[in-house]
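Bear in mind these aren't lab numbers, they're just calculated from the coordinates by the rules spelled out. None of the values given here were measured: they were computed from a predicted structure. Every residue, glycine as well, gets a Cβ built from its backbone with ideal geometry; the counts of neighbours run over all protein chains shown.
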Amino acid sequence: MKVDIQSLGTFNRLAHEGAEQATRSMCQMTGLDAAVDVTKITLVDRADVGEQLAGGEFVGVQFGFEGELAGDTVLVFDRRGSETIAEALVPGGADDGGMARSSVAEIGNIMMSGFIDGWADYLEASIEHTPPTYVEGTGREILPAGPESTDTESGDADSGLDQVFVFKSEIEWLDESVSFYIYMLPEYDPLAGVIGRHADSEDDAIPVDKLQVFNEMTYDGTQRAAENVEMMTGIETEAEVTQLSFAPIEDVPKQVGTDTYVGTVVEFTGVPSGFLLVLFDEASAVHIAEAMMPVEMDADEFTDQHESAIEELGNIMTSGFVDGWANVLQTTVDHTPPRLVHDMGRAIVDPLAAQVGQHQEHAFIIDSEMRTDDIAFGAEIHALPNEKELREALDELLVERADQTEADVEQIF
Amino acid sequence: MKVYDGSTAEGASTGEPDRVKVGIAEYRVASGEAVLTTSGLGSCLGVALHDAETETAGLVHAMLPSKDEMESDNDAKFADSGIRELVRELERSGADRARMEAKIAGGSDMLDFSENGSGIGVRNVEVGRRTLEEFDIPVVGEDVGGDHGRSLRLEAHSGTLVVKSANHGSLRL
């Protein structure tokens, strides 16, 4: 299957409108105020679907659908969100378990019918959905297992890839700082068929197996960056989640939280060109910087020494990451010296999105995270490539080359 | 477009003013006790308009300078078309452009990698000012440029714009 940029854009808008329709139905019924925050299409490792839900307790409503598109879709509320819903429908309803469940099921039913009907209208085809099932669980357990396989043509058994497309919308209550989510996991073959029929031309199409390989190579790049962190700090660090998302350019800054972050930004040149960010939340930045310092420091605030440690770390993480790419693409990817940033997360990403946004309406965003159990530490790497150049780079990419991203530390230093 | 007046049941019961969030490439209009907020302006420009007589205010969070430079169907994404739309929307809810005053914030130079010409932040501010001049709306307060991000909070009744930044405290305009 090939995906073209036009149809990804259309599908993104469709998922967004579906989510808005669903949210409107809910607002009408409950009098609550909510707005769709982000909608994105993500290609991600099956094991990482719903990673954002982490260990929270969730309830929701799940449907199967079939027809022009097939798969599963689920509406997920955290406990507090479901209580708000139940209370809005029937005052006192949140205290009654059975009542709360039926409120969620009722709202879910109405919301999700709107969501699926929106798709059917656009595709001018019928999509049937099963009756809603009430579901509850911890973290990503609440999500359906997902479709069988991402790409029957390329043969998953050989490539070892198990990645799925996820359409995800995040909806935020305006009065409570609580979010809820709509996940849609379409089966691969019908999705491929629909995308194929809605493609304008073959010109800007990217074969999906290349996108998958690109994801793998990003994972390897992150792993390499993590090894660099480990070498410098002695803290054992693992690459965690890697995903490739597609979203309207104005949603790009929302990939990062509103809290303050510290990190580095570089512009990389070559094919593709773009921006690469290495970001630490403030607490992580202090921990990791102190782990790198020769003398014990126990500063309450972020000092110049902390900053230079982060700058150095950002630099070697960037090199590790970019080398991973360059290896697979067999090109040179140069980058500017890192610029240190210490600011509101979204304000950091916003100028980069604007620069990319001068030439394109949608963007691919590459996100990966690394974590460690030793100390409270988390780092995010985000890359924002020029879309047209990314397509060119993928055109040149030979799929077999992905196995050459094995980290080779000696090559870096 | 929904107009928020701060009088919904939830707002009244908690005693908190209604908070209306304005996302990137969006604009919103509110009146009475409501408060408009937007976060994480880097090179983006926030333009706050206020009509003191009707206690109506509007806020747009624009990402790029001019709609003429590219194809897009979202007016609020650009400083010029975003301001024009916001003025119209305010007038639809009873405000008058002759009474409107503007406050602008954002348009930072942070992380501007462009090598020639002025950066997006600078151009956002320029185009924003020029568009406000078209309507003869005076700019009565501003906090623009620099190399840091900002978050905004606009009170609909007073038109007070509070500008917060991560490392530079907050400022009332």
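Taking every residue in B:40-49 and counting other chain Cβ atoms within 10 Å of its Cβ, the average works out to 5.
Across A:Val333, A:Val229, A:Val90, mean-square fluctuation computed from a Gaussian network of chain A (C-alpha pairs under 10 Å connected) peaks at A:Val90. Rounded to the nearest 10 degrees, the inclination of helix B:79-92 to the longest alpha-carbon principal axis of chain B is 20 degrees.
For region A:2-198, the fraction of alpha-carbon pairs lying more than 31 Å apart is 16 percent, rounded to a whole number.
Charge dipole (Cα centre; +1 on Lys/Arg Cβ, -1 on Asp/Glu Cβ; no other charges) of region B:9-172 amounts to roughly 340 debye. Sorting A:Ser319, A:Ser103 from the fewest to the most surrounding beta carbons within 10 angstrom yields A:Ser319, A:Ser103. Spin-label pair B:Glu134-A:Ala145: with each label point 7 Å from Cα along the Cα-Cβ axis, the two points sit 5.8 nm from one another.
Of the residues B:Asp143, B:Asp80, B:Asp68, the one that moves most in a GNM of chain B with alpha-carbon contacts below 10 Å is B:Asp68. Straightening the chain between A:Asp189 and A:Met99 buys 28.5 nm, computed as 0.36 nm per residue apart minus the Cα-Cα spacing. Paramagnetic label reach from A:His359 (point 7 Å along Cα→Cβ; backbone nitrogen cut-off under 12 Å): within region A:249-283, residues A:268-275.
Cut-off 19 Å, label point 7 angstrom out along Cα-to-Cβ of A:Asp304: give me the residues of region A:263-283 whose amide nitrogen falls inside. From region A:263-283, the list is A:263. Taking Cα centre as origin and charging only the Cβ of basic (Lys, Arg, +1) and acidic (Asp, Glu, -1) residues, the dipole magnitude of region A:1-89 rounds to 140 debye.
Take chain A, connect every pair of alpha-carbon atoms lying under 10 Å apart with a spring to form a Gaussian network, then pick out the residue of A:Glu187, A:Glu230, A:Glu20 with the largest mean-square fluctuation. Between A:Glu187, A:Glu230, A:Glu20, it is A:Glu230 that shows the largest mean-square fluctuation.
For region B:31-65 versus region B:91-131, the inter-centroid distance based on Cα atoms is 11 Å. For the residue pairs A:Lys388/B:Lys164; A:Lys168/B:Lys103; B:Lys77/B:Lys103, alpha carbon separations beyond 30 Å are given by A:Lys388/B:Lys164; A:Lys168/B:Lys103. Once the Cα atoms are used to define both axes, helix B:120-134 deviates from the longest principal axis of chain B by about 60 degrees. The mean number of Cβ atoms from other chains found within 10 Å of a Cβ in peptide B:104-112 is 4, as a whole number. Legend: helices of chain A (whole DSSP H runs) are marked when their alpha-carbon atoms reach 27 angstrom or more along the helix axis and their mean Kyte-Doolittle hydropathy is at least -1.0; marked are A:5-30, A:97-123, A:208-233, A:304-329. With contributions of -39500 (n - 2.57) from each DSSP H run of at least four residues, the per-residue ellipticity at 222 nm computed over chain A stands at -13500 deg cm²/dmol. What translational diffusion coefficient, in µm²/s and rounded to a whole number, does the Stokes-Einstein relation yield for chain A at 10 °C and a viscosity of 1.306 mPa s, taking the hydrodynamic radius as the Kirkwood radius over Cα pairs? So the translational diffusion coefficient is about 71 µm²/s. Counting only the backbone N, which residues of region B:94-129 are under 19 Å from the spot 7 Å out from the Cα of B:Met70 toward its beta-carbon? Counting only backbone N, you get B:107-128. Averaged over the residues of A:335-344, the number of partner chain Cβ atoms lying within 10 Å of the residue Cβ comes to 4.
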